[in-house]
Amino acid sequence: MRLGDGVTTLDEATIASLVRDDLAHLIHPQYYAPEHESPVIFDHGEGVWLTDVRGNRYIDGLASLWNVAVGHGRGELADAAAEQMRKLAFSNSYTGFSNVPAIQLAAKVADLTYDNLTGVFFTNSGSESNEGAFKAARFYWNLRGKPSKTKIIARERAYHGGTLTTTAMTGLPAFWKYFGPFMPGEVVHTAKPDALECDCAPNTDGECAHWFEAAILREGAENVAAIIAEPVKGAGGVWTPADGYFQRVREICDRYDVLFIADEVITGFGRTGKWFALEHWGVQPDILSIAKAITSGYVPMGAFIVSEPIMTALQSLPTDARFMHAYTNSAHPTAAAVGLRNLRIMEEEHLVENAAAMGEYFRSALRELQEQHPSI
């Protein structure tokens, strides 16, 4: 059946068959089978709109999963993928091999991110980016002759991914159930300290930067490789930081010789009106995790980006210390070509600046609502 606007819909028999096959064969993320007995099955998208197989249209208010930053149906990205696939769809990026778009994207990402970051390792997802960031931190401390620095400290309500280690990092107990036990002592979480005074403003979820300090002291700084934090806690409730919070986090990491991993999988590439969210507070991490909007979700891709000292260490390894961390699809040329075109769209259409303007508009409008409605 064709609707007046040219949208093709499926007949009910075909839809029923899709629903049966979906329930019988497709294991979904965060799977709970009853949720898929009557699923919304999307067929196509254009701009902010998604259309299902019955022709119903939905505003994609969350940009799907905070990732479709340039909107749906961008032919430029399809063309970039097709052109690269015809030229070189895939190549091996291990042991002396590389490809043009991956090199260009790594240089572009290094240019867009914080000034102290220089080395880019491409992954397939945010989970892989955070897993790799933690491994890179451990690897770095071993190179520095501090092998006891193996732990990572994460926050309550944080979300960092779905691998076994990033699930342990995630500070939401619902994600742990039936997957434990995790490796004892590898990942620890902040908690409200009993004795440590907090002289800075707490986050909107009540957490103070000194909770990190208390956790470092509890575990022993000599045992802590890194802390990890989202600039804005996403899946845990969209909790925003207090002014001064991340400046204090940076000071604490420097004081105790602990690396700061910023999980900007959600906030990266303009989501907060800056290319990267910690720019709002003039703070730079030691390792940055990204994914999602680097390709606007058109092709899976992520990365972790390391600071110059870590990159220098990786480029001058002893013969017995190869960085044995790898994925088949690392530096995938097609994904990199899409990423390059996607970032060009963001620049040409001033989408980061638009995000800042729209953010201020919504902030102003919400404040007006707050003044009108005491329950808000």
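Quick notes on this one:
- Top of 169, 311, 301 by mean-square fluctuation, Gaussian network on the chain, Cα under 10 Å: 311
- Here's the picture: charge each Lys and Arg Cβ at +1 and each Asp and Glu Cβ at -1 in the chain, and of 224, 261, 70 the one pushed furthest to the positive end of that dipole is 224.
- Built amide H within the under 5 Å cut-off of residue 233, gap 5+: 239
- Largest to smallest accessible area among 187, 100, 258 [probe 1.4 Å]: 100, 187, 258
- Loop-located trypsin sites (Lys or Arg not before Pro) in the stretch 141-234 (DSSP state not H, G, I, E or B) with no more than 15 neighbouring Cβ atoms inside 10 Å: 144, 177.
- Per-residue [θ]222 nm for the chain (sum of -39500 (n - 2.57) over DSSP H runs n ≥ 4, rounded to 500): -11500 deg cm²/dmol
- Taking other residues whose beta carbon is less than 11 angstrom from the beta carbon of residue 256, and scoring Lys, Arg as +1 and Asp, Glu as -1, yields -4.
- In percent, rounded to a whole number, the relative contact order of the stretch 58-205 is 14, using alpha-carbon pairs under 8 Å and six or more apart.
- Summed side-chain charge close to residue 340 - residues other than residue 340 whose Cβ falls under 14 Å, Lys, Arg +1, Asp, Glu -1: -1
- Among the lysines of the stretch 99-208, pairs at least eight places apart or on separate chains and with Cα atoms under 27 Å apart come to 9.
- Placed amide H near residue 299: partners under 5 Å, 5+ positions off or other chain: none
- Stokes-Einstein D (µm²/s) once Rh is taken as the Kirkwood radius of the chain over alpha-carbon pairs, at 20 °C in 1.002 mPa s: 95 µm²/s
- In this structure the chain gives 51 Å² per residue of accessible area when probed at 1.4 Å with all protein chains present.
- Heavy-atom accessible area for residue 200, with the other protein chains in place and a 1.4 Å probe, reaches approximately 20 Å².
- What a 1.4 Å probe finds exposed on the chain is 55% carbon and sulfur by accessible area, rounded to a whole percent.
- Radius, Kirkwood style, for the stretch 74-215 when every pair of distinct Cα atoms is counted (Å): 18.6 Å
- Relative contact order for the chain, counting Cα pairs under 8 Å that sit 6 or more residues apart, in percent: 21 percent
- When +1 charges are put on Lys and Arg Cβ atoms and -1 charges on Asp and Glu Cβ atoms, the dipole computed for the stretch 173-255 relative to its Cα centre reaches about 280 debye.
- Using 0.36 nm per residue and subtracting the Cα-Cα separation, the extra length available between residue 172 and residue 357 on full extension is 63.4 nm.
- Computed over protein heavy atoms with a 1.4 angstrom probe, the accessible surface ordering of 18, 288, largest first, is 18, 288.
- Magnitude of the charge dipole, the chain, Cβ model with Lys/Arg +1 and Asp/Glu -1, debye to 20: 840 debye
- Cα centroid of the stretch 119-197 to Cα centroid of the stretch 239-275, whole Å: 16 Å
The values are calculated or read from the model by the stated rules, or taken from the named source; none is laboratory data. Model, not experiment: these values are computed from the prediction. Using ideal geometry, Cβ is built from the backbone for each residue, glycine included, and neighbour counts are taken over all protein chains shown. Heavy atoms of the whole protein, side chains included, go into the accessibility calculation; ligands, DNA and RNA do not. Shrake-Rupley method; radii C 1.70, N 1.55, O 1.52, S 1.80 Å.
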